[in-house]
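The values are calculated or read from the model by the stated rules, or taken from the named source; none is laboratory data. Quantities reported herein were computed from a predicted structural model and do not represent experimental measurements. Neighbour counts are summed over all protein chains in view; Cβ atoms, including those assigned to glycine, are modelled from backbone coordinates with ideal geometry.
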Amino acid sequence: MHGSCRFRKAIKFFVLPCFIVLSCCWLLLYLESIYQRRRAERFVDDLKSFPFATAGFVEVRDLMNRHGGTALQQFPVLHFSQYGLPSLDSQGQAHVLIFQTEPTSTQRDCTFEIRIKNRTCIPVRGWTTNVLYSVSVYSGIRPWSVWARFEVSGGKLERSQIGIGQLRNGKLGSYKGLIPLGYNLTTTTRPQHGNNSYVVGSPHVTGPPMDLWDAWSVLTLNPPTRRALDVNLHCLTTVFHGCRNLSELAPSAWADYEQQLKQRPSPDD
């Protein structure tokens, strides 16, 4: 009898407070993720009306200032991978990459970058990486990131990259575990894929399974950036499941990809 009373008291004074603390921490992380997602939505809405084809230093600088971006002026700078998420090695372990960026910035030649992410998307290394990311994924607060990089050369916007990424738990083929879902839009002054001014596809990736997608657009007077930026960021913060695939994250880009597949000549032609 006395033993069961002590056990109930232990639950009351130790387990229950720990549960309350963990619940409060989860709620704070969830609310912070919602707040950052709304920041990202405002940024994407601004991008849809941004004059990519005619933008110069001033337009890019003002866009970055409105949303908290910065000019890259020192190195080394710690970055996540191209899709805003930790990379996975051949064993499926998450890790971060380090790149060196330009040491100077002028009005004619400057690189701007912005990154909006939730607090679970943090640069960590070693065995703690997989533990932290696995816990956050299973708790329903998945690491995600929305980022953009604008390169100004000769006073004009030369190249831009806009990325959306989320780390989720899923299955691809025989692999089951943490899977990065990434969507990256690149705009340049020159075509990168023959004479095509707009292409959506999945890059070839060697290593662990990743659900990665790229869109490329030429900086013309009427670029398809608004359609390419038709994204659903709400799925980044859903608790019971994350963004399942590209069709949910970027429905218009997925529709364009399917249409391009139909237009490709068959091997028999």
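Restricting the stretch 61-75 to residues that are in contact with an Asp or Glu (Cβ under 9 Å, 6 or more places away or on another chain) and surrounded by 13 or more Cβ atoms within 10 Å (Cβ to Cβ), which is farthest from L236 (Cα to Cα)? Among them, the one singled out is Q73.
Every test in (1) at pLDDT 90 or above; (2) crowded, with 22+ Cβ neighbours inside 10 Å; (3) touching a Ser or Thr at 6+ places or on another chain (Cβ under 8 Å) is passed by L181 save one, and that test is (3). Against the conditions (1) hydroxyl-bearing (S, T, Y); (2) at pLDDT below 90; (3) over 30 Å from R119 (Cβ atoms), S202 satisfies every one except (3).
Does at least one position in the stretch 80-103 carry a residue that is surrounded by 12 or more Cβ atoms within 10 Å (Cβ to Cβ), in contact with a strand residue (DSSP E or B) (Cβ under 8 Å, 6 or more places away or on another chain) and at pLDDT 65 or above? There is no residue in the stretch 80-103 that is surrounded by 12 or more Cβ atoms within 10 Å (Cβ to Cβ), in contact with a strand residue (DSSP E or B) (Cβ under 8 Å, 6 or more places away or on another chain) and at pLDDT 65 or above. Looking across the stretch 215-268 at every residue that is touching a Pro at 6+ places or on another chain (Cβ under 7 Å) and not in a loop (DSSP other than H, G, I, E, B), the one that is surrounded by the most Cβ atoms within 10 Å (Cβ to Cβ) is identified as S217. Note on the stretch 161-178: residues that are farther than 12 Å from R142 by Cα, surrounded by 15 or more Cβ atoms within 10 Å (Cβ to Cβ) and among the aliphatic types (A, V, I, L, M) total 2.
Conditions (1) at pLDDT 60 or above; (2) in a helix (DSSP H, G or I); (3) in contact with a Cys (Cβ under 8 Å, 6 or more places away or on another chain); (4) surrounded by 11 or more Cβ atoms within 10 Å (Cβ to Cβ), marked per residue:
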{"position": "A10", "(1), (2), (3), (4)": "yes, yes, no, yes"}
{"position": "F13", "(1), (2), (3), (4)": "yes, yes, no, no"}
{"position": "F19", "(1), (2), (3), (4)": "yes, yes, no, yes"}
{"position": "E41", "(1), (2), (3), (4)": "yes, yes, no, yes"}
{"position": "A53", "(1), (2), (3), (4)": "yes, no, no, yes"}
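Considering the stretch 124-155, and only residues there that are more than 27 Å from T187 (Cβ to Cβ) and loosely packed, with under 15 Cβ neighbours inside 10 Å, the residue that is modelled with the highest pLDDT turns out to be Y138.
Pairs linking a residue in the stretch 18-44 that is within 18 Å of V135 (Cβ to Cβ) to a residue that is among the hydroxyl-bearing types (S, T, Y) and surrounded by 13 or more Cβ atoms within 10 Å (Cβ to Cβ), with Cβ atoms under 7 Å and 6 or more positions apart or on different chains, are W26/S139; L29/T120; S33/T237.
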